[in-house]
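Heads up, the thing below is written out as structure tokens.
What follows is calculated from the coordinates using simple rules that are stated; it is not laboratory data. Because the structure is a prediction, the values reported are computed rather than measured. Reconstructed Cβ throughout: ideal geometry from the backbone, glycine too, with neighbour counts over all protein chains shown.
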Amino acid sequence: MLIHEWLEQSVQEVSTFVQSYVRELVVLMERLISHQQPLAERWSVPQTPFTKVNFDAGFSRENRESTTGVVIRNHQGLVMGSCTHFNRNISDPFSAEAMSWPYSLLEIWVFA
């Protein structure tokens, strides 16, 4: 039969080729798994006497709007302050993210 690379091969030759190919895939998968980055660390409480400020932004390209969220937590993980801000006329995700940090600083200033 004409199976691989248009060569006439026996059943044994095809079987050997398939087994070899499967072994190669297994080796490649093992390499891929061994080079994967570890899972991102989950949020953890800050050490005493520090607080943690987390902020992020969501962006709608269609509406050219973004929303910023800020959360401040103490060393026990209790929320000490939080806020959200709605922004209009935001052109791209980078700008939305850039707009989020000043609101974080403002919230820290109000919280302090």
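General observations
- For Asp56, the residues whose modelled amide H falls within less than 5 Å of its own, excluding neighbours fewer than 5 places apart on the same chain, are Gly69.
- Counted over all Cα-Cα pairs of the stretch 52-111, pairs farther apart than 18 Å make up 34 percent.
- Considering only Ile72, Pro93, Tyr103, and ranking their Cα positions along the charge dipole of the stretch 52-111 that arises from unit charges at the beta-carbon of Lys, Arg, Asp and Glu, the one farthest toward the positive end is Ile72.
- Amide H to amide H, with H built 1.01 Å from N, Met80 comes under 5 Å of Ile72, Arg73, Asn74, counting only residues 5 or more places away or on other chains.
- Subtracting the Cα-Cα distance of Glu24 and Val79 from their residue separation scaled by 0.36 nm leaves 14.7 nm.
- Computing FRET efficiency as 1/(1 + (r/R0)^6) for Asn54 and Asp92, where r is the C-beta to C-beta distance and R0 is 25 Å, gives about 0.65.
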